[in-house]
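Single-structure report; data block below.
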Amino acid sequence: MRKALRWLLALMVLIGTVGTAGTATAVQQEPSDIKDRLLAIPGMSLIEEKPYTGYRFFVLNYTQPTDHRHPDRGTFQQRITVLHKDVSRPTVFYTGGYSVSTTPSRREPTQIVDGNQVSMEYRYFTPSRPAPADWSKLDIWQAASDQHRIYEALKPIYGANWLATGGSKGGMTATYYKRFYPRDMDGVVAYVAPNDVVDKEDSAYDRFFAQVGTKDCRDRLNAVQREALVRRQPLEKKYQAYAADNGYTFDTVGSLDRAYEAVVLDYVWGFWQYSLLSDCGTIPADAKHATDDAIWDSIDTISGFSAYTDQGLEPYTPYYYQAGTQLGAPTIHFPTIEKKYIRYGYQPPRNYVPRAIPMKFQPSAMRDVDTWVRKHADQMMFVYGQNDPWGSERFRPGAGAHDSYVFTAPGMNHGANVAGLVSDEKSLATARILEWAGVASPAVASNPSVAKPLATYDAKLDRRDVTREPALRP
């Protein structure tokens, strides 16, 4: 009897030991350091950490499927960055639509909500490109699915509200993400996002250029553009020397002549995209009597003669591919220039993508997004600049939308932001962003006019300048 009792007690102790060990394994404490928590995510790896006062800044790679519909058919490494403040703060998901910067920076909504920021490099912009590259997998749904997977991976760490934002193509990207994954984000702030619903209907741009700014400024710009075409022969000789000196070639666009005209025709657009009305004084006042160097310098400063060289086009091949397959691209006319001076007009995106990459336009893609925004936009904000040509075709939430807004910053260009809005709209926009992020104070909730950014301005972190790229790239 005693022997049986001793055996029973020993068995109970053994069972208790196994149970305790099992429990200890099940409740293993997760890493406390944010870097360790990020690197514990399957598929996440560290490229580097850069210091910045008040934050931790990480440059990371995240393993993504090349095709989200068939995740077993290959992967690639997508570069992202994390500007970490505190896991209890809201998180802003920023997309520029192109390559990602590896320098710490804070977008306007991140400053407004005093939060964390995750930034994503758009698929197929190097180095975030599958090898070999199946270009048919570069579309807006695949990119939105990249963003969705990143959000799902990071949400367990950053559990507070999330906002999506981006400027230009990045604003388009944030909008497409909301369309395909409407439940992920608590709000969207899309800056200067073009919306080319019908690719062949671009008359809105012609109307814009007929009235933007002042007549004097328009006349100056039109005269310089025309003069650059009138003087095509001597200025193309200068272009040939410039290309030779820099090792530039023109295989993709087809010829130096095609590239030259493309640069010149971008001139007026480029001015309004990146400059202000106050900059009109920098444009030659008497183009007809200006020197060749003065015409060249003005065109080069605004349009950039390297833009349509092979070397200038190559980094933007993914953009031109998307413009020619889904996004669409603007075409404008030049009523102040005689037809005899224009040989090609605005060239289609197909001309800027190597012919080895097949392209076929899908007209339904933008119609679908536009219809969704008009009927289903929820907690979305679109900010445009009055003098930005890209705002000629814009997103417009319709009767079916909820808590969504379109604001226009007076006198601003492609760098328009909430800070540039008129006072009452600035307060309203700021209040809505704070509310969507879940950090609006009771005072702001009852009186939006008192809304202000929660973080103080940082001259290095909160750069307001527009990243200058060749015109006709949003």
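The values are calculated or read from the model by the stated rules, or taken from the named source; none is laboratory data. All values reported here derive from a predicted model rather than from experimental measurement. Note that each Cβ is placed from the backbone with ideal geometry, even for glycine, and that neighbours are counted across all protein chains shown. For the accessible areas, the whole protein counts, side chains as well, though only heavy atoms, and no ligand, DNA or RNA atoms are used. Shrake-Rupley method; radii C 1.70, N 1.55, O 1.52, S 1.80 Å.
Can you name the residue in region 204-214 that is in a helix (DSSP H, G or I) and not small (G, A, S) and, of all such residues, is nearest to the chain's Cα centre (by Cα)? Only one residue tops the list, namely Y205. Residue under question is G74, and the condition is that it be modelled with pLDDT under 95, open to solvent by less than 80 Å² (accessible area, probe 1.4 Å) and within 50 Å of the chain's Cα centre (by Cα); does it hold? No; evaluated as a whole, the condition is false for this residue. If we scan region 423-430, do we find a residue that is touching a strand residue (DSSP E or B) at 6+ places or on another chain (Cβ under 6 Å), within 29 Å of P315 (Cβ to Cβ) and open to solvent by 10 Å² or more (accessible area, probe 1.4 Å)? No, because not a single residue in region 423-430 is touching a strand residue (DSSP E or B) at 6+ places or on another chain (Cβ under 6 Å), within 29 Å of P315 (Cβ to Cβ) and open to solvent by 10 Å² or more (accessible area, probe 1.4 Å). For region 186-211, a residue qualifies if it is aliphatic (A, V, I, L, M) and touching a helix residue (DSSP H, G or I) at 6+ places or on another chain (Cβ under 6 Å), and the qualifying residues are V188, V189, A190, V192, A193, V197, A204. Within region 388-419, restricting attention to residues that are of a type in the set (S, T, Y) and under 19 Å from K178 (Cβ atoms), the residue that is least open to solvent (accessible area, probe 1.4 Å) is S404.
Only one entry in A210, A190 is modelled with pLDDT of 95 or more, surrounded by fewer than 24 Cβ atoms within 10 Å (Cβ to Cβ) and not β-branched (V, I, T), namely A210. Taking each residue of region 192-210 that is in contact (Cβ under 8 Å) with a residue 40 or more places away in the chain and on the phi > 0 side of the Ramachandran plot and looking for partners that are surrounded by 19 or more Cβ atoms within 10 Å (Cβ to Cβ) and assigned to a helix (DSSP H, G or I) with beta-carbon atoms closer than 9 Å, six or more apart or interchain, yields V192/G171; V192/W390; V192/G391. Given the residues V439, V444, which is the only one that is over 30 Å from E201 (Cα atoms), part of a loop (DSSP other than H, G, I, E, B) and modelled with pLDDT of 95 or more? V439 is the lone residue from the list that is over 30 Å from E201 (Cα atoms), part of a loop (DSSP other than H, G, I, E, B) and modelled with pLDDT of 95 or more.
One residue stands out in region 152-178 among those that are within 18 Å of I112 (Cβ to Cβ) and of a type in the set (A, V, I, L, M, F, W, C): the one that is surrounded by the fewest Cβ atoms within 10 Å (Cβ to Cβ), namely A160.
Listed here are the residues, each with its yes/no results for (1) within 24 Å of A228 (Cβ to Cβ); (2) in contact (Cβ under 8 Å) with a residue 12 or more places away in the chain; (3) among the acidic types (D, E); (4) open to solvent by less than 20 Å² (accessible area, probe 1.4 Å).
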position	(1), (2), (3), (4)
F334	yes, yes, no, no
I337	yes, yes, no, yes
K340	yes, no, no, no
R350	no, yes, no, no
A356	no, no, no, no
M366	no, yes, no, yes
Q386	no, yes, no, no
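Can we say V118 is of a type in the set (V, I, T), in contact with a helix residue (DSSP H, G or I) (Cβ under 9 Å, 6 or more places away or on another chain), surrounded by fewer than 20 Cβ atoms within 10 Å (Cβ to Cβ) and closer than 18 Å to R37 by Cα? When the stated conditions are applied, V118 does not pass them.
The lone criterion from (1) out of contact with any Lys or Arg (no Cβ under 8 Å at 6 or more places or on another chain); (2) open to solvent by 30 Å² or more (accessible area, probe 1.4 Å); (3) over 27 Å from T173 (Cβ atoms) left unmet by E314 is number (3). With respect to the conditions (1) crowded, with 21+ Cβ neighbours inside 10 Å; (2) out of contact with any helix residue (DSSP H, G or I) (no Cβ under 9 Å at 6 or more places or on another chain); (3) of a type in the set (D, E, K, R), E261 falls short on a single one, namely (2).
Every condition in (1) outside any loop (DSSP other than H, G, I, E, B); (2) open to solvent by less than 40 Å² (accessible area, probe 1.4 Å); (3) more than 21 Å from V212 (Cα to Cα) holds for F382 except the one numbered (3). Condition test on Y346, is it over 30 Å from A409 (Cβ atoms) and open to solvent by 10 Å² or more (accessible area, probe 1.4 Å)? Here the answer is no, as Y346 does not meet what is asked.
From the list R79, R123, the one residue that fits, being touching a helix residue (DSSP H, G or I) at 6+ places or on another chain (Cβ under 8 Å), surrounded by fewer than 24 Cβ atoms within 10 Å (Cβ to Cβ) and either of a type in the set (D, E, K, R) or touching a residue at least 12 places away in the same chain (Cβ under 8 Å) (or both), is R123.
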